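Beneath this line is the structure, given in structure tokens, with notes to follow.
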């Protein structure tokens with residue numbers, strides 16, 4: 001989707017004006033985003049397995065697939081910005097039952113949207129902004145879906 005960030009190994013990465021206001025803070029936030037996306041991927045797989053019907057499973061699966069896309073974009077961006085691979089640390093999301101899991105997913109989606117909005121505003125580079133705009137709007141859509149499921 002964003003070929004600007006994908007380069008075959010062994011090739012030199014082009015010099016890019018990142019336009020990032022606070023580079024070290026941005027990298028810390030990007031590492032957090034990578035880890036949170038990895039956790040969401042695992043979490044949503046568990047929720048899909050607990051879904052009581054196909055409609056709810058489809059809603060969760062949609063979010064799951066987009067979390068995988070975000071994870072891949074963030075990993076590629078990290079590689080582009082640093083020249084190295086991100087170290088991924090996945091934390092399990094603890095929940096007692098399906099309904100509380102859906103509530104937790106809703107809250108995590110809103111938190112992610114807030115983080116991605118801050119990261120979007122932290123750079124003037126259009127390709128980087130596009131990644132965070134897409135991710136932010138996806139997270140807001142996921143929150144809406146989880147809110148719908150929660151209130152069924």
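Report the residue count in the stretch 113-140 for those that are without any contact (Cβ under 8 Å) to a residue 40 or more places away in the chain and over 17 Å from residue 36 (Cβ atoms).
4
What are the pairs, 6+ residues apart or on separate chains, where a residue within the stretch 94-112 that is crowded, with 19+ Cβ neighbours inside 10 Å has its Cβ under 9 Å from a residue that is outside any helix (DSSP H, G or I)?
101/93; 101/95; 102/95; 105/93; 105/95; 108/93
What tally of residues in the stretch 50-66 results from selecting those that are free of Cβ contacts under 8 Å to residues at least 40 places away in the same chain and part of a helix (DSSP H, G or I)? Steps first, answer last, please.
Kept after step one, since they are free of Cβ contacts under 8 Å to residues at least 40 places away in the same chain, are these residues of the stretch 50-66: 53-55, 57-58, 61, 64-65.
Now narrow it down to the ones that are part of a helix (DSSP H, G or I): 54-55, 57-58, 61, 64-65.
Total satisfying the criteria: 7.
If you take the residues of the stretch 1-46 that are under 17 Å from the mean Cα position of the chain (by Cα), surrounded by fewer than 17 Cβ atoms within 10 Å (Cβ to Cβ) and modelled with pLDDT under 95, which of them is farthest from residue 76 (Cα to Cα)?
Among those residues, the one meeting the criterion is 1.
When residues of the stretch 67-92 are filtered for being crowded, with 17+ Cβ neighbours inside 10 Å and outside any helix (DSSP H, G or I), how many remain?
Narrowing the stretch 67-92 to residues crowded, with 17+ Cβ neighbours inside 10 Å: 67, 70-71, 73-81, 86.
Subset that is outside any helix (DSSP H, G or I): 86.
Result for the stretch 67-92: 1.
Which pairs do you get when a residue that is on the phi > 0 side of the Ramachandran plot, found in the stretch 11-27, comes within reach of a residue that is outside any loop (DSSP other than H, G, I, E, B) and at pLDDT 90 or above, reach meaning Cβ atoms under 9 angstrom, with the pair 6+ apart or on two chains?
Short answer, once both residue conditions are applied: 19/123; 19/126; 19/128; 19/129.
Which of the residues that make up the stretch 113-124 are crowded, with 16+ Cβ neighbours inside 10 Å and not in a helix (DSSP H, G or I)?
Filtering the stretch 113-124 down to residues crowded, with 16+ Cβ neighbours inside 10 Å leaves 113, 115-117, 119-120, 122-123.
Within the stretch 113-124, 122, 123 qualify.
Kindly provide the set of residues from the stretch 72-110 that are under 16 Å from residue 50 (Cα atoms) and within 13 Å of the chain's Cα centre (by Cα), ordered by number.
Scanning the stretch 72-110 gives a single hit, 105.
Could you tell me whether the stretch 107-124 includes any residue that is touching a strand residue (DSSP E or B) at 6+ places or on another chain (Cβ under 7 Å) and under 25 Å from residue 22 (Cβ atoms)?
Here is the first cut: in the stretch 107-124, the ones touching a strand residue (DSSP E or B) at 6+ places or on another chain (Cβ under 7 Å) are 122-123.
Okay, now just the ones that are also under 25 Å from residue 22 (Cβ atoms), so 122-123.
Within the stretch 107-124, one or more residues are touching a strand residue (DSSP E or B) at 6+ places or on another chain (Cβ under 7 Å) and under 25 Å from residue 22 (Cβ atoms).
The values are calculated or read from the model by the stated rules, or taken from the named source; none is laboratory data. Everything numeric in this text was worked out from a predicted model, so none of it was measured. All Cβ positions, glycine included, derive from the backbone under ideal geometry; neighbour counts span all protein chains shown.
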